Each structure stands twice: as structure tokens, then as C-alpha cells.
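Enquirer: Just dropping this structure here.
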Amino acid sequence: MGSVKDYFKDLGAGIGTLVKGMQVTGKEFVTKKVTERYPENRSTVHVPDRFRAILTLKYDSEGRHKCISCGLCQRSCPNGTISIESRMADMPDGKKKKKLVNWVYDLGSCTFCQLCVSNCPTGAIEFSNDFEQAVFTREQLVKKLNYLPEAPDPEPAPAAAKPETPAAPEANS
């Protein structure tokens, strides 16, 4: 059985924590409140640069993406959010190359871990910080990232024509 001394010691500790909690509550009670006026202030809302909202496939000015269909992003995704479909295509120089057919991303099951972005060898994907991704059905959360039509590959440069050397004159004997 505890002594009276322990009882009052515990009672004092309890009152001390109660006072500490009431200080935090009192401080919040007198602090000026901030109200977000969203969506009225949509143009002025500050979204941090490091905020991860949705994956995007990077395109250059000519409409080409950097994706080489290696599948590292798909393999590194811990929950199967990414699905890549590719095909083999014949190039003008006679070699075969993987071409991207579908790059599908399920935003609803993404954990925003950024493993796909950090494992991409060509830097073809990135997270945008567009935070407005609310939809009414889960099917609308499945996005096809290669939405632009595939730009044709550049034709190989024609080989420079070698000037023909005149034939050596035949010697008459």
C-alpha cells in the first residue's frame, strides 16, 4: 500500500501536467486564427515545391518523352501502381528499339514514395505539385501518362556522297 507522501506526490504531478495542458490550450485560445479562403484564393495558394501530387511524364518541345520503356519504375513500385506496355520497333538504321505503348498510373493506390522517380535512369517522370486531384469515381484516378501522340523518330542523315575519282587513263602500248 502506498504512503500518504506518494499520494500527494502523484497528486502534485497530476496537477502540474494539468496546468501544462491548460497553458497550451490557453495559448491557442488567444492566438489569431487563420482561415483559408479556398477555392476563392486558388491563384495565391502557396504549394511547397517538394509536395508530391501526381506523376507526370516529361515531354520536350518536339513532343518526345524520355521514357525508354525499361520498366524500372514499374518494378520499383511497392504496390503495383505503375503499368507499362511496350513493343519492339524497327529503327531506320536496322536496329530494334523498345517503344512505349501505354504508361498507366493509378493515383488511388500510389503511396507517393518517389521510388519510381528516383529509379528512372533517364529522368522521364516526376511528381507535379498540382494538389487538386479530387474525382467522383476511382476509375478516374487511373491516368495514362503518355497522352501525346508519339512523335516520329528522326530519319537518319543521308551518307555524304563520295566524289567519284576519274578512272586512270589507259596506257596505249
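Nothing in this text is a laboratory measurement; each read-out follows from the coordinates by a stated rule. On a predicted model such as this, the values are computed, not experimentally measured, just so you know. Positions of Cβ are generated from backbone atoms using ideal geometry, with glycine treated the same way; all protein chains shown enter the neighbour counts.
Enquirer: Which residue, Gly71, Thr111, Ser128, has the largest displacement toward the positive end of the dipole of the range 54-144 when charges sit on each Cβ (Lys, Arg +1; Asp, Glu -1)?
Expert: Projecting each Cα onto the dipole axis, the largest value belongs to Gly71.
Enquirer: OK, next. How many times 2.2 N^0.38 Å is the alpha carbon radius of gyration of the range 54-144? Let's see the in-between values first.
Expert: Details: Rg = 14.2 Å, N = 91, 2.2 N^0.38 = 12.2 Å.
Here the Cα radius of gyration is 1.16 times the empirical estimate.
Enquirer: Run down the lysines and flag those whose C-alpha is under 22 Å from the C-alpha of Lys33, throwing out any fewer than 8 positions away in its chain.
Expert: Here the lysines satisfying the reach criterion relative to Lys33 are Lys20.
Enquirer: So for His65, His46, fewest C-beta neighbours within 10 Å to most, what's the order? List each step's numbers first, then the result.
Expert: On the way: His65 19, His46 5.
Least crowded to most crowded, the residues run His46, His65.
Enquirer: Straight-line reach from Lys99: which lysines have a Cα under 21 Å away, not including same-chain ones fewer than 8 places off?
Expert: Within the straight-line cut-off, Lys99 pairs with Lys58, Lys66, Lys143, Lys144.
Enquirer: Same structure, new question: Rounded to whole Hz and in sequence order, give me ³J(HN,Hα) for the range 54-65 from the Karplus expression 6.51 cos²θ - 1.76 cosθ + 1.60, θ = phi - 60°, writing x for Gly and Pro.
Expert: 8, 6, 9, 9, 7, 10, 8, 5, 8, x, 9, 9
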